[in-house]
Amino acid sequence: MKKLISVLLVLCMFLGLANVALADKFPSKPIQIICPVKAGGDTDRNTRQLALALEKVLGVSVVTVNVNGGATVMGMEQALDAEPDGYTLIINGTDMFVPNMMGTTDINLSSFKTIGIPLIDNTTVLVAHKDSGYADLKDLVEKSAAQPDSIEYGGKIGATNQICGIAMNKEWGSAFRFQDVGNNAAKITALLGRQTDVINLSYSLALDYFKTGEFQALCLLGSEANELIPDAKLASEFGYKNVDFSKFFWVGVNPDTPDEIVDILADALAKAAQDPEFLAYLKENFLTPACMLKEEAQAYAQKFYEDTMEIYKDEFIAAQ
């Protein structure tokens, strides 16, 4: 037994020294960030901007790789299958919790080591077309309650926005009928064509339509006001409970990645999050800078899930 313990101690010491040596040379080649959705949306856009900021800090190329499919599961699986050497990162957010909620995967936040959260997207708004005739959120909710299922809320089935619809109906007493219209681009098209009545999406994705007045932001779906979007009031300003479907953007790695490398990546993320060009991008898109790292970031993400999503799990599963 003593001999076995000695061997294990030597092995642990060897592995520890090997990790330190590996970290001393890290990074020495390009890094990839897996974006688990297709190109063109806000997650893809944010990932690419973060990659540019990380390149400045790390001194190597940081390449965004889109792996779309399975409600972000395919991208998460690829990150977990990658070598645990720190050269494959993954970015995700609230969408990472949905497949696990539905029971389609065992992958969840604890499946990874968390690097950090560099930004918060407190710009999710409930949107109607200018010709909808809704004066404000109160008017919309009252009309919906008076005629259940008469007002359609368009989104993507099995996604965070469907949970948002459930939350609004439960907390506000509205009776929106969920309509599966697809992703953000499809939602915008559907609203423009008056094929659905209301949608939710990040404010910047439809900025041109807000500027022209074609779209109206009925409320900010968050728990705190966003001073960059003064025309989007919180639900509480209309007498309703705030339904928080803001988003965070989280960065993680394979759970077997050495802590020494995780520390290097976390330090790089903290510096990238303060890059002037990255901050300018955030302001331009009404986003909030953040610098939560490792345990703090993981705790924030887990609490956000428990407080804003898990409480609607039963209704969400029943709606599938």
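The values are calculated or read from the model by the stated rules, or taken from the named source; none is laboratory data. What you see is a predicted model; the values in this text were computed from it and never measured. Here the Cβ is made from the backbone with ideal geometry for all residues, glycine too, and neighbour counts use every protein chain on show.
Report, by residue number, each residue of region 275-296 that is farther than 15 Å from W250 by Cβ and hydrophobic (A, V, I, L, M, F, W, C). Answer for region 275-296, where residues must be farther than 15 Å from W250 by Cβ and hydrophobic (A, V, I, L, M, F, W, C): F278, L279, A280, L282, F286. Can you confirm whether F278 is outside the structural domain of D131 (by TED's automatic domain parsing), out of contact with any Asp or Glu (no Cβ under 6 Å at 6 or more places or on another chain) and either in contact (Cβ under 8 Å) with a residue 60 or more places away in the chain or surrounded by 22 or more Cβ atoms within 10 Å (Cβ to Cβ) (or both)? It is true that F278 is outside the structural domain of D131 (by TED's automatic domain parsing), out of contact with any Asp or Glu (no Cβ under 6 Å at 6 or more places or on another chain) and either in contact (Cβ under 8 Å) with a residue 60 or more places away in the chain or surrounded by 22 or more Cβ atoms within 10 Å (Cβ to Cβ) (or both). Filtered by the rule that a residue be among the aliphatic types (A, V, I, L, M) and buried (at least 20 other Cβ atoms within 10 Å of the Cβ), region 291-301 gives M292, L293, A297, A301. Taking the condition closer than 28 Å to M102 by Cβ and free of Cβ contacts under 8 Å to residues at least 40 places away in the same chain, does N242 pass? Yes; evaluated as a whole, the condition is true for this residue. Filtered by the rule that a residue be small (G, A, S) and surrounded by fewer than 19 Cβ atoms within 10 Å (Cβ to Cβ), region 42-79 gives G59, S61, G69, G70.
Say whether the condition of being modelled with pLDDT of 95 or more, out of contact with any Cys (no Cβ under 6 Å at 6 or more places or on another chain), outside any loop (DSSP other than H, G, I, E, B) and of a type in the set (G, A, S) is met by at least one residue in region 238-251.
Within region 238-251, the subset modelled with pLDDT of 95 or more is 238-251.
From what is left, the residues that are out of contact with any Cys (no Cβ under 6 Å at 6 or more places or on another chain) are 238-244, 246-251.
Subsequent filtering for residues that are outside any loop (DSSP other than H, G, I, E, B) retains 238, 247-251.
Okay, now just the ones that are also of a type in the set (G, A, S), so none.
No - not one qualifying residue is present in region 238-251.
So is E295 acidic (D, E), touching a residue at least 12 places away in the same chain (Cβ under 8 Å) and either outside any helix (DSSP H, G or I) or farther than 20 Å from L201 by Cα (or both) or not? Show your work before the answer.
Values: acidic (D, E): yes; touching a residue at least 12 places away in the same chain (Cβ under 8 Å): yes; either outside any helix (DSSP H, G or I) or farther than 20 Å from L201 by Cα (or both): yes.
Yes: the conditions hold for E295.
Based on this model, can you work out whether K130 counts as among the basic types (K, R) and free of Cβ contacts under 8 Å to residues at least 24 places away in the same chain?
no
Selection over region 108-118 of residues that are more than 15 Å from the chain's Cα centre (by Cα) and buried (at least 19 other Cβ atoms within 10 Å of the Cβ) gives a count of 2. Within the set E277, E306, the sole residue that is modelled with pLDDT of 95 or more, in a helix (DSSP H, G or I) and farther than 23 Å from P99 by Cα turns out to be E277. Out of (1) more than 20 Å from the chain's Cα centre (by Cα); (2) farther than 22 Å from F316 by Cβ; (3) among the aliphatic types (A, V, I, L, M), what's the single condition that is false for A185? It fails just one condition, (1).
Looking only at region 166-185, filter to residues that are touching a residue at least 24 places away in the same chain (Cβ under 8 Å) and in a helix (DSSP H, G or I); which one of those is surrounded by the most Cβ atoms within 10 Å (Cβ to Cβ)? If you could, list the steps in order and put the result at the bottom.
From region 166-185, those touching a residue at least 24 places away in the same chain (Cβ under 8 Å) are 166-168, 170-185; that's our starting set.
Within this subset, residues satisfying the condition of being in a helix (DSSP H, G or I) are 166-168, 170-172, 184-185.
Values: I166: 21, A167: 21, M168: 28, K170: 14, E171: 14, W172: 23, N184: 21, A185: 13.
Across region 166-185, the extreme among qualifying residues is M168.
Among the residues of region 128-142, write down those that are assigned to a helix (DSSP H, G or I) and buried (at least 18 other Cβ atoms within 10 Å of the Cβ). Those that are assigned to a helix (DSSP H, G or I) and buried (at least 18 other Cβ atoms within 10 Å of the Cβ): S132, L137, L140, V141. Of all residues in region 209-218, those being in a helix (DSSP H, G or I) and either of a type in the set (F, W, Y) or closer than 12 Å to N285 by Cα (or both) number 2. Screening L205, L228, L191 for residues that are buried (at least 17 other Cβ atoms within 10 Å of the Cβ), of a type in the set (A, V, I, L, M) and more than 23 Å from L282 (Cα to Cα) leaves exactly one candidate, L191.
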